[in-house]
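Reviewing the structure listed below.
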Amino acid sequence: MPAARARGLLALALAAAVAAVYGQTLGFDFVDLDDPFHVTHNPHVRAGLTAEGLRAAFTQLHAGYWIPLTWLSHMLDGELYGLAPAGHHATNALLHAGNALLAWLLFERLGARRGAAALAAALFALHPLRVESVAWVTERKDVLSSAFGLLALLAWTRYARRGGALPYGLAALALCASLLAKPMLVTLPGLLLLLDAWPLGRLGTVPLRRLLLEKVPLLALAVAVAGVTLVAQRGAAAEGAFGGLAAALPLELRLANAAVACARYLAKQLLPVRLSVLYPHPYLPGGTPLAPAQVAGAAAVLAALLAVAGISARRAPYVLVGGLWFLLTLVPVIGLVQSGTQALADRFSYFPSLGLALALAFGASDLWRRAGRAHRRAPALAAALAGALLLACGLASFLEARHWRDAEALYRHSLTSTPANPLLRSYYGIWLQKRGRLEEAALQYREAGRDAAYAAAAEHNLGTVREAQGRPEEAAAHFARALARDPHFASARRNLSRLRRTLGREPAPALAPPPPGP
């Protein structure tokens, strides 16, 4: 079969596999987690592409990020589809399919065999850890940023082999676009240096000084965006309920969580089960602190894996490079600078997992060559095993994606995976209460209130449920308990004062001032 035709059929098969898994999302709804802020209640997205929206995208910070290209993509969807969720989901799925094709092209350009490169790209695309980034409209920034990141790597590959201002400029432009979609790839200049060493083979043939100097403009872009992001996240942390606690976590606790999170990411790559939209941070409200043995064990596993990769680097450099790609691109989201209350997130593995896919592409290439020499039928057996693996991954992702069909399915699935999750239970309770399912909401609030950090909010929310049920005495008691746990809970105080006036009792005393500062 001619090479061009074979490549076209493989590309069609890869796109069809992605469509088979994620075509179902066109029938999904938005979810309550962040989709209202990003899409359904966002006036700029609802208005479509406008001059005011363009100005706001580039001049305003949103939820701790400066992501103008992502906002523009949402506005374009708003222009094309309005608030029909199918169109927004379709854009995510198309971007993901495009990323799979770009990853295949990149692996092949870097030297992997065509079939092995296609297999690695397909496993990347069909892995269940990709579901969150694709099925969640809010995570447009993941798939969009990664698309530009892959384009930057392709342009850099051409520059590394042929030189020239055009491919270098394209790499810089693509990196800039990636950072404007999501400031995830701030470590990309380091990744380019890593690829220069292998498989591009520039380290040793090109002076190290030049290799470093040519990354300086790209590093300047990354540093500028990282600076804006840090400022934005500091402001967002000050507004969040526990954001200040997250920002103030001691370094040793952040390092402990980072070590365990890296090990958990690797484990989820091998066995993607018990997935959740939120994994509570062990050292923030709602989390369970890590045992010293857990931290030491995770650090030992990571050190051992890196040692093995380093020892085998001469014969299998792709293992070390793929592993370092994975770790290097996780650095911005591993919690060394903590943002949010999560310990880790499935969506954070989207671009880093391409490093493991790179290692697989070259490893499969090596295995294919050796198998062909060892036994005539070995390649056919390897192809059958690869097909079975792809089928298993695709089926698992199809089933995982179904949990994103609406907010309730997502909450229920995530709470099954992470039952000790008071923040998610609070969100689910609010969702139920808005729909008049008051006793179910009360159950979720009570479960959330088992954690001391959420007890005051849980009592307050239980009060609103009892008031909605026409039980003002019980509501007042809940508001009073909320105030007892948190004397500065203004909403509980207002509600209690209002109910006491209604019931003919004395109003609650005035809100006590906060304690004086140091």
Using only DSSP helix segments of four residues or longer, with each worth -39500 (n - 2.57), what per-residue ellipticity at 222 nm results for the chain after dividing by its residue count and rounding to 500? -22500 deg cm²/dmol
Label-point separation, Leu26 to Arg437 (7 Å along Cα→Cβ), nm: 2.9
In whole angstrom, and with the biggest value first, how far do the Cα coordinates of region 421-503 range along each principal axis? 35, 26, 15
In square nanometres, what is one fourth of the surface area of the convex hull spanned by the alpha carbons of region 334-435? 9.3
Relative to the first principal axis of the alpha-carbon coordinates of the chain, what is the inclination of helix 317-330, with its axis defined by its Cα atoms, in degrees from 0 to 90 and to the nearest 10? 20
Between Ala384 and Val206, what length in nm is gained on full extension when 0.36 nm per residue of separation is reduced by their alpha carbon distance? 59.9 nm
If each of Ala16 and Arg446 carries a label point 7 Å out from its Cα toward its Cβ, how far apart are those two points in nm? 5.3
Just checking my list [x] 156; [y] 178; [z] 147 against volume of the Cα convex hull per residue in Å³ computed from this structure; which label fits? [y]
Charge dipole (debye, nearest 20) of the chain; +1 at Cβ of Lys and Arg, -1 at Cβ of Asp and Glu: 1520
Please tell me the relative contact order of the chain in percent, rounded to the nearest whole number, where contacts are Cα pairs under 8 Å and at least six residues apart. 16
Are there trypsin sites (Lys or Arg not before Pro) in region 369-438 that DSSP marks as loop and that have at most 13 other Cβ atoms within 10 Å, and which are they? Arg376, Arg377, Arg435
For the pair Gln469 and Leu306, what calculated FRET efficiency results from E = 1/(1 + (r/R0)^6), where r is the Cβ-Cβ distance and R0 = 51 Å, to the nearest 0.05? 0.35
If one takes the longest principal axis of the Cα atoms in the chain, at what angle in degrees, from 0 to 90 and to the nearest 10, does the Cα axis of helix 378-402 lie? 20
Between 0 and 90°, nearest 10: helix 353-374 axis offset from the chain longest Cα axis: 40
So how much slack lies between Leu230 and Leu391, counting 0.36 nm per residue of separation and subtracting their Cα-Cα distance, in nm? 53.8 nm
For Glu52 and Ala165, compute 0.36 nm times the residue count separating them, minus their Cα-Cα distance, and round to one decimal in nm. 37.2 nm
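None of the figures in this text is laboratory data; all of them are computed from the coordinates on show. These figures come from a predicted structure and were not determined experimentally. Heads up, the Cβs are rebuilt from the backbone with ideal geometry, glycines too, and the neighbour counts pull from every protein chain shown.
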